[in-house]
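The values are calculated or read from the model by the stated rules, or taken from the named source; none is laboratory data. Please read these numbers as outputs of a predicted model, since none were measured by experiment. Heads up, the Cβs are rebuilt from the backbone with ideal geometry, glycines too, and the neighbour counts pull from every protein chain shown. Areas reflect the complete protein model, heavy atoms only, side chains present, ligands, DNA and RNA absent. Shrake-Rupley method; radii C 1.70, N 1.55, O 1.52, S 1.80 Å.
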Amino acid sequence: RRYPTVELRAETFNGSTHVPVPSDSAFLKALLFELRLVDDHVFVEQRDTCTRINHSSVYSVSTAAGELWPVLAFHKSGLIYACVPLVEGTLEPRPPLLTVCGLSQGLALLLGIMDYISPSRKNEAEMNAKIGQLRNLLIQACPLGTPLNTNIRSLNSSFEDIQEMPADKDQPAWRSSTYKGKPQVNVCITEKVKCMQYDQRDVVDTWQVYGAVNCKCDIEGSAPNVTLSLNLPTNAPPLQDIVVHHCVTSVDPAMLMSTSIEPLHDSVYNGPYKFPFIPPSDSFNLCYYTSQVPVPPILGCYQLIEEGSQIKITVNLKLHESIKNSFEYCEARIPFFNRGPIAQLEYKVSYGQLDLSREKSLLVWVIGQKFPKSLEVSLTGTVSFGTAGKEHPTDYVCTGNTAYVKLYFRIPDFTLTGCYVDQHSVQIFVPGKPKITASRELISSDYYIWNSKAPAPMVYKPLLD
């Protein structure tokens, strides 16, 4: 499948040095040659010289117009999976592979295609049928050249509804299939909180909140209009760094200008956050945002002191009173790096239970689904170790007493910003009463509490005025 818009962008980036993608037959011939699937018994210096040993699946394919790079290709079970990713920049000098985001996107798409086709490779008729369906599936998975859904197998059941060309000229390109049935909208706000706590006077604790609003709109019509509003409680910190999906038709510019780089002031945009949009057929993230919340959900203190052959640990955790005390799960993991297996463990927990991992190098403190009424829990213990082996974790950063506790938790029906979707505010301009389902959740992400009795490896210091 070709995407003229992508080829035009590639030509714009590279100008006179642009190498166009040749015809399908010419490209296949050149690719087979480069992959040594033809003429492999003949030594060709351009292809077989030892200076061109390839350590990846990215190739430079010789065409009549020049060297076409990068070509992502691999050979699996008698089939060749290949694509030509867009490099958003000049190709001279060639950029490092890790900087070309199109390569990871292309690889994910090819692996999705392989996962869809490979189970049928022993049945030729079934495999040919799947390959025949692939063109229609790609319209849904990758409508404009950017992969939106690389799980091709999940699209299999709806391929008959996909239109090669939209019947309605008003139907946007990202809405690749039409829905028949009762209208319904599912919205889920997911906030992730990152945190670094040090419990030291000269080091500032930091925390950040990232939110995403995911939508799935099953609505009839070629271009249905939906308006969704995000609400905040009174005196809640505003949403900032808002990025919206391309299907959003209009938005207040002041909403997009609110940034976390500048300090909060009276003129900051604090809602309402309205998003009118024409939804894609599949689930998508309507917007992303950040917010400067005043406190982290769980405050912690970790102390690790080495005494001879033993170490003493103390962990105190406190749930802030503004946080909903209802978890799907909550646990603290305490790893021990650069040491042997835990040979002896004596401990006392005020709440929950403590488990030892199979490798005997990690303590898992399962707090459970609620903190006690005091909202505080504590763990004290003494640990001694055996002889270290290769299977035990090592870390070049966490040496000596530099160590951390990492928290894992999920709180359903709660957001740290207080952000929520009012189901009654969702407007859908279609006949029939739609079913609206709204949910939200708070999830930990890189939530660290460092040992206060040792120097922390990363120190955040506020910028001086």
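Tabulated values for the structure
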| quantity | calculated |
| --- | --- |
| Cα-based helix-to-principal-axis angle, 101-117 vs the chain, degrees rounded to 10 | 80 |
| Between helix 124-141 and the chain: long-axis angle, C-alpha atoms, 0 to 90°, nearest 10 | 70 |
| Tilt relative to the chain, helix 4-14 - C-alpha long axis, 0 to 90 degrees, to 10 | 80 |
| Carbon/sulfur fraction of accessible area - the chain, other protein chains in place, 1.4 Å, % | 53 |
| Sites excluded, GluC sites (Glu not before Pro) in DSSP loops with at most 14 other C-beta within 10 Å, longest stretch of the chain | 221-320 |
| Pairwise label distance in nanometres, Asn225 with Lys406, each label 7 Å out on the Cα-Cβ vector | 4.8 |
| Label zone at Ile443 (point 7 Å along Cα-to-Cβ), backbone N below 14 Å, region 280-314 | 285 |
| Accessible surface, region 4-154, averaged per residue in Å² (probe 1.4 Å) | 59 |
| Semi-axis lengths (Å, descending) of the ellipsoid that matches the C-alpha gyration tensor of region 4-154 | 26, 21, 14 |
| q = 0.06, 0.11, 0.14 Å⁻¹: log10 I(q)/I(0) that the Debye formula gives for the chain, counting C-alpha atoms only | -0.41, -1.15, -1.26 |
| Point-to-point label distance, Ile80-Ser56, nm (Cα→Cβ direction, 7 Å offset) | 2.0 |
| Computed over region 298-413: relative contact order in percent, which uses C-alpha pairs under 8 Å that are six or more apart | 38 |
| Potential extension, Asn186-Glu321 segment - 0.36 nm per residue separation minus Cα distance | 45.6 nm |
